[in-house]
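The values are calculated or read from the model by the stated rules, or taken from the named source; none is laboratory data. Nothing here was measured: the structure is a model prediction, and the numbers come from that model. Cβ coordinates were reconstructed from backbone atoms using ideal geometry, including for glycine residues, and neighbour counts include every protein chain displayed. Accessible surface is based on the protein model in full, side chains and every heavy atom, while ligands, DNA and RNA are left aside. Shrake-Rupley method; radii C 1.70, N 1.55, O 1.52, S 1.80 Å.
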Amino acid sequence: MVIASFSELKSRLCGLPPKAAIVAAAHDGHTLQAVFAARRDKLIHPILVGRREEILSIAGSLGEALDPVQVVDARGDGECAAKSVALVRSGEGAMLIKGMLPTGTLLKAVVNKETGIRASRVMSHVAILDVPSYHKLLYVTDGGMVVAPDLEQKRHILRNALDFCRFLGYDCPKAAALCAVETVNPSMPETADAAVLKEEGERGDFGPCVVEGPIALDLATDGEAARVKRYHSPVAGDADILLAPSIAAGNLLGKSLYGLAGGEMAGVVLGAKVPITVNSRGATAEEKYWSILICAAMK
C-alpha cells in the first residue's frame with residue numbers, strides 16, 4: 001500500500017474512532033483552528049493544556065463549545081510542557097500536539113529521564129510532503145532533530161521512518177539514502193554510510209523494506225532520469241522515504257519541496273511513546289491539521 005495524498009489518507013480514516021490528543025500550550029488561534037477541525041472530522045478527542053481563559057476565549061471566537069474537563073490550566077511554557085507530557089505518560093493521550101511554545105521546551109519535557117516519554121535512543125523528525133509533481137507522499141528525514149548523524153544514528157533515523165510508514169499501512173516502504181553521487185567516494189563519507197545501510201536493508205535488519213544508496217535525489221524521484229542514466233533499482237523514481245545525510249540537507253530539501261515546489265507539509269517527531277507534532281509556531285492552521293491527521297492515521 002502507498003498513500004498518494006493527504007486527502008486520500010483522510011478518506012481512509014472515515015469511520016474510525018477518534019484518538020485522544022494532548023495539546024501543549026493550546027492558547028493559540030491557529031493551533032485551535034486545526035484541533036477543532038480535526039475534532040469535527042472525528043480524528044481526535046483533544047485535551048487542551050494552557051492558559052484556560054485564553055483557550056476558552058479563542059474557542060468562543062471560533063464558535064466551538066468546550067467541556068471544562070477538556071481544559072487543563074497551565075501558565076508558563078515549562079508548566080504546559082510538563083503537564084502535557086504527564087498526561088501522555090499516564091495514558092490519557094495517543095499523540096502530543098505542540099501549540100504556542102518553543103519546540104525545545106516541549107522536547108526537554110519529553111526526554112526527561114524521570115518524567116518523560118522517550119522510547120527510542122534516537123528521536124528524529126519526519127517531514128511528510130504532498131508535492132503536486134510527485135505521485136505519492138514523500139517522507140523526508142531528518143531535517144529537524146539530529147544535526148550531523150553518524151552511521152549508528154542514521155540506522156535509528158531510518159528505522160524510525162520505516163516503522164512510521166509501516167504504522168501508516170505501508171507493506172514494504174522504499175527508502176533512498178540520499179547522496180550527491182551513486183558510488184562510494186572516500187571524500188564523501190555519507191556515500192559509505194549509504195552503502196552500509198543498503199547492505200543492512202538487504203540483510204533484513206530493518207524489516208520489510210527496500211533501502212537504496214548511495215543514490216541522488218533525481219534518481220530517487222524521477223524514473224525517467226534513472227532510465228536515461230541506466231540506474232536500476234526498485235527505489236528509482238518511486239522512493240517513499242528520503243534519508244538526508246545531515247540536518248541541513250534534510251531541512252533544505254523539505255522546505256524547498258514545501259515552498260518552491262508548492263507542496264503541503266506535515267511534521268512529526270518519532271521515538272517517543274506517542275507521535276509528536278512540532279510545527280512552527282508560525283505555521284498555518286492547515287499545516288498543523290495535516291500533522292494531526294498523520295498522527296491520527298498511525299495504527
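Key figures
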item: Per-residue [θ]222 nm for the chain (sum of -39500 (n - 2.57) over DSSP H runs n ≥ 4, rounded to 500); result: -12000 deg cm²/dmol
item: Separation in nanometres of the label points that stand 7 Å from Cα toward Cβ, at A119 and H232; result: 4.0
item: Net charge of Cβ neighbours under 13 Å - reference R227; Lys, Arg +1; Asp, Glu -1; result: -2
item: Kirkwood hydrodynamic radius of region 241-283, from inverse mean 1/r over distinct Cα pairs, in Å; result: 11.7
item: Inter-site label distance for S133 and A148 at 7 Å from Cα along Cβ, in nm; result: 3.1
item: For region 47-96, alpha-carbon Rg relative to the globular expectation (2.2 N^0.38 Å, N residues); result: 1.16
item: Calculated over region 8-51: convex hull of Cα atoms, volume per residue (Å³); result: 65
item: On Cα atoms only, tilt of 29-40 relative to the major axis of the chain in degrees; result: 90
item: Three-way shape label, region 164-235, alpha-carbon gyration tensor, a/c 1.5; result: oblate
item: Cα long-axis angle, helix 285-297 against the chain (0 to 90 degrees, to the nearest 10); result: 80
item: Three principal axis lengths of region 54-165 [C-alpha, angstrom, descending]; result: 47, 42, 23
item: Most fluctuating residue given options C172, C209, C14, as computed from a GNM of the chain linking Cα atoms under 10 Å; result: C14
item: Accessible-area composition of the chain, carbon plus sulfur, in percent [1.4 Å probe]; result: 56
item: Cα-based helix-to-principal-axis angle, 247-258 vs the chain, degrees rounded to 10; result: 80
item: The chain - Rg (one decimal) and Dmax (whole number), Cα, Å; result: 19.4, 62
item: Equivalent-ellipsoid semi-axes of region 224-265, from the Cα gyration tensor, Å, largest first; result: 23, 13, 9
item: Selected from S256, S124, S84 as most flexible by GNM, with the chain as the system and alpha-carbon contacts under 10 Å; result: S256
item: Cα gyration tensor category, rounded, prolate or oblate, for region 114-261 with a/c compared to 1.5; result: rounded
item: FRET efficiency, E199 to Q70 (Cβ-Cβ, R0 51 Å, nearest 0.05); result: 0.55
item: Nonlocal Lys pairs with alpha-carbon distance under 25 Å, region 42-197 (8 or more apart, or different chains); result: 13
item: Accessible area per residue, Å², the chain with all protein chains present, probe 1.4 Å; result: 42
item: Selected from R227, R39, R51 as most flexible by GNM, with the chain as the system and alpha-carbon contacts under 10 Å; result: R227
item: Spherically averaged projected area of region 193-299 from its Cα convex hull (nm²); result: 8.4
